[in-house]
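Worksheet: one structure, shown below.
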Amino acid sequence: MPQEPAAPQVTDHGGGVHSIKVPIPDNPLGHTLVHLVDTDRGPVLVDTGWDDPASWDTLTAGLRALGTDVSAVHGVVITHHHPDHHGLSGQVREASGAWIAMHPADTAVVRRTREAEPGVWLDYLCAKLAGVGAPEEHIAPLREARASGRMRTLPGLRAALPDREIVPGDLLPLAGRRLRAIWTPGHTPGHVCLHLEEAHPSQLPGNGRLFSGDHLLPGITPHIGLYEDPDEGGAADPLGDYLDSLERVGRLGVAEVLPAHQHAFAEPAARVRELLSHHEDRLSGLLALLSTPLTPWQLAERMEWNRPWSQIPYGSRTIAVSEAEAHVRRLEKLGRAERVVGGGVVRYRAV
Ligand SMILES: [Zn+2]
Ligand SMILES: [Zn+2]
């Protein structure tokens, strides 16, 4: 007998706000919390989930469990372009005619990814890795993939182009609700949090609620790497952006945070302080390492991760190096480290 599909996990957060746990296949994060905000013109979603048939089934079953239907969705507000947030937006728009809103800096990433030839992207990645001192054994598999033409399709190649722009500081067009966009760059250049400027339904003290996307999570430090923009030319400072964004969100004084992973939580100010001091410690640790000039790769090898470098899998090493670069870029902007270029690689040292 075929098994009944498990009931979708939906949570009532009160005051016309619900969440649906939409699974992310083969990913330790487990799920994206897709939030649904009731409006006078139908439900509006904050994020949509990973582009996968099982995730789609969970999302649509969740909407039905909440007494509505995907065809009734009026709009989609995207916190940032990552595929676990924006993956299903196109399918939701097809099923409902909903608008999709995103910050223009992330829309630019979506447009670039859609237009990029996978080969051009691999060339960029190989050159970039060589420039930060990655060993040949790390770059070789990418070169081989490029030469053979056997390239795994990157997620995001089919991502939907948004049709509305999120303007920082403005209210989103949600009939009967007050949802304001707060630009929080760092995790991505166009990440936004959404501030629901309405009294908390259980009278928790504070200034409304915040949909925080990946910016502020109760138990995870979001990945802060360099923005994947071949044209940024060394000007971007994602970690500086992130720390500023954290302080901005801390100042809102919201009663409760509704993040896109894990679970809702109160007292965001304490979590903001924790994250600020985490990055401060990390930056001082790096500064100590840079008493001798190091490439970003060498720095990543020496930094503290959640496991020894030798046990970090291949793909995560590329991400780790990007994170090391974002930290060293911050030190450079603060005037605490400088670049030493020579022999085709970049090194940094403390000043
Ligand atoms: Zn993300
Ligand atoms: Zn995410």
| field | Calculated log₁₀ intensity ratio I(q)/I(0) where the Debye formula runs over C-alpha points of the chain, q = 0.09, 0.13 Å⁻¹ | value | -0.52, -1.05
| task | Please state the charge dipole magnitude for the chain, taken about the Cα centre, from unit charges on C-beta atoms (+1 on K and R, -1 on D and E), reported in debye and rounded to the nearest 20. | result | 500 debye
| note | The ³J(HN,Hα) series, computed from each phi in region 202-215 with the Karplus coefficients 6.51, -1.76 and 1.60 at θ = phi - 60°, rounded to the nearest Hz and given as x for glycine or proline, is 9, 6, 4, x, x, 9, x, 10, 10, 7, 9, x, 9, 5
| task | Tell me the Kirkwood hydrodynamic radius of region 156-312 in angstroms, computed as one over the mean inverse distance between distinct C-alpha pairs. | result | 17.6 Å
| query | Along the positive direction of the dipole of region 77-203 (beta-carbon charges: Lys, Arg +1; Asp, Glu -1; about the Cα centre), which of Ile78, Pro185, Gly90 reaches farthest? | reply | Gly90
| So, with +1 on the Cβ of K and R and -1 on the Cβ of D and E, and no other charges, what is the size of the charge dipole of region 283-350 about its Cα centre, to the nearest 20 debye? | 120 debye
| If you look at just the Cα atoms of region 83-174, how large are its Rg and its Dmax in Å? | 17.3, 52
| remark: Over the chain, the sum of -39500 (n - 2.57) across DSSP H runs of at least four, divided by residue number and rounded to 500 deg cm²/dmol, gives at 222 nm -11500 deg cm²/dmol
| task | Among Pro168, Leu125, Leu194, flag the residue with its Cα farthest along the positive direction of the charge dipole of the chain, charges on Cβ as +1 for Lys/Arg and -1 for Asp/Glu. | result | Leu125
| field | Kirkwood hydrodynamic radius of region 64-106, from inverse mean 1/r over distinct Cα pairs, in Å | value | 11.0 Å
| message | For region 1-107, take N as its residue count and report Rg(C-alpha) divided by 2.2 N^0.38 Å. | response | 1.02
| note | For the chain, averaging the sequence separation of alpha carbon pairs under 8 Å that lie six or more residues apart and dividing by its residue count, the contact order in percent is 13 percent
| query | Looking at region 42-84, what % of the alpha carbon pairs are farther apart than 16 Å? | reply | 37 percent
| In units of 2.2 N^0.38 Å, what is the alpha-carbon radius of gyration of region 246-351? | 1.28
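Here, each number is a calculation from the coordinates, and none is a lab measurement. Note that the structure is a prediction, hence the values are computed from the model and not measured. Glycine gets a Cβ as well: all are built from the backbone with ideal geometry, and neighbour counts include every protein chain shown.
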